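*Asks:* Please see the structure below; I have some questions.
The values are calculated or read from the model by the stated rules, or taken from the named source; none is laboratory data. Predicted, not measured: the structure shown is a model, and the values here were computed from it. Using ideal geometry, Cβ is built from the backbone for each residue, glycine included, and neighbour counts are taken over all protein chains shown.
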Amino acid sequence: MKLETERLYLREMTQADYPALAAILQDEQTMYAYEGAFSAAETQDWLENQLRRYAQLGYGLWAVVLKETGQMIGQCGLTRQRWKEREVLEVGYLLNRAYWHRGYATEAAIACREYAFQSLHAEAVGSIIRDTNTASQNVAKRNGMRLADTGYIKHYRGVDMPHVLFQVERPRSI
């Protein structure tokens, strides 16, 4: 286990988490910000990328597990992402659609922000979000982030996708 919140555990994913991850990444509605569901091969690549991140950096996107049931309901964690000409330590989150609108994404994202500041001693953390994804933007706001920049276009699956950067700086008290 990496992190614990009131209702959740965040831990490294393993190959055994593939079915729960596939339920998220292969759902058309959940993956609308990515222009559609992932294939089985893309899902496996996603999982392997997280495993590499854990080995190389000690963090990545972690499994979000309900304490009450032990069920993996999503992923949330930290990655290094490109924003224009610089790299941003990003809090990313993606939950199974059945668990939306219950505050789990915010709860997990806040824990990741705190981990970034307290354990990684980050000066700032951000969330890079597609400009049409208001639900994720609202999670970023509840995570103490403010709109910091706009105008970055990601090219994915043959589509130009405008993104915005929400960011929060390390509190002076930490």
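*Asks:* Out of the residues in the range 35-47 meeting the condition of being touching a helix residue (DSSP H, G or I) at 6+ places or on another chain (Cβ under 9 Å) and not small (G, A, S), tell me which one is surrounded by the fewest Cβ atoms within 10 Å (Cβ to Cβ).
*Replies:* Per the stated criteria, the residue is E42.
*Asks:* Can you name the residue in the range 54-107 that is among the small types (G, A, S) and out of contact with any Cys (no Cβ under 8 Å at 6 or more places or on another chain) and, of all such residues, is surrounded by the most Cβ atoms within 10 Å (Cβ to Cβ)?
*Replies:* Top of the filtered list is G74.
*Asks:* Report the residue count in the range 133-174 for those that are polar (S, T, N, Q) and surrounded by 13 or more Cβ atoms within 10 Å (Cβ to Cβ).
*Replies:* Residues meeting the conditions: 6.
*Asks:* Hey, which of the strands (runs of 3 or more DSSP E) in the range 50-162, taking only ones fully inside, have at least 1 residues that are closer than 19 Å to E6 by Cα, touching a residue at least 12 places away in the same chain (Cβ under 8 Å) and of a type in the set (S, T, Y)?
*Replies:* Numbers: elements: 61-66, 72-83, 86-95, 124-130, 146-156.
Those strands (runs of 3 or more DSSP E) span 86-95.
*Asks:* Say we look at the range 1-42 and pick out the residues that are within 16 Å of the chain's Cα centre (by Cα) and at pLDDT below 95; which of these is nearest to N96 (Cα to Cα)?
*Replies:* T30
*Asks:* State whether the residues of the range 117-124 include one that is more than 18 Å from R170 (Cα to Cα) and more than 14 Å from the chain's Cα centre (by Cα).
*Replies:* Residues of the range 117-124 more than 18 Å from R170 (Cα to Cα): none.
No, that holds for no residue.
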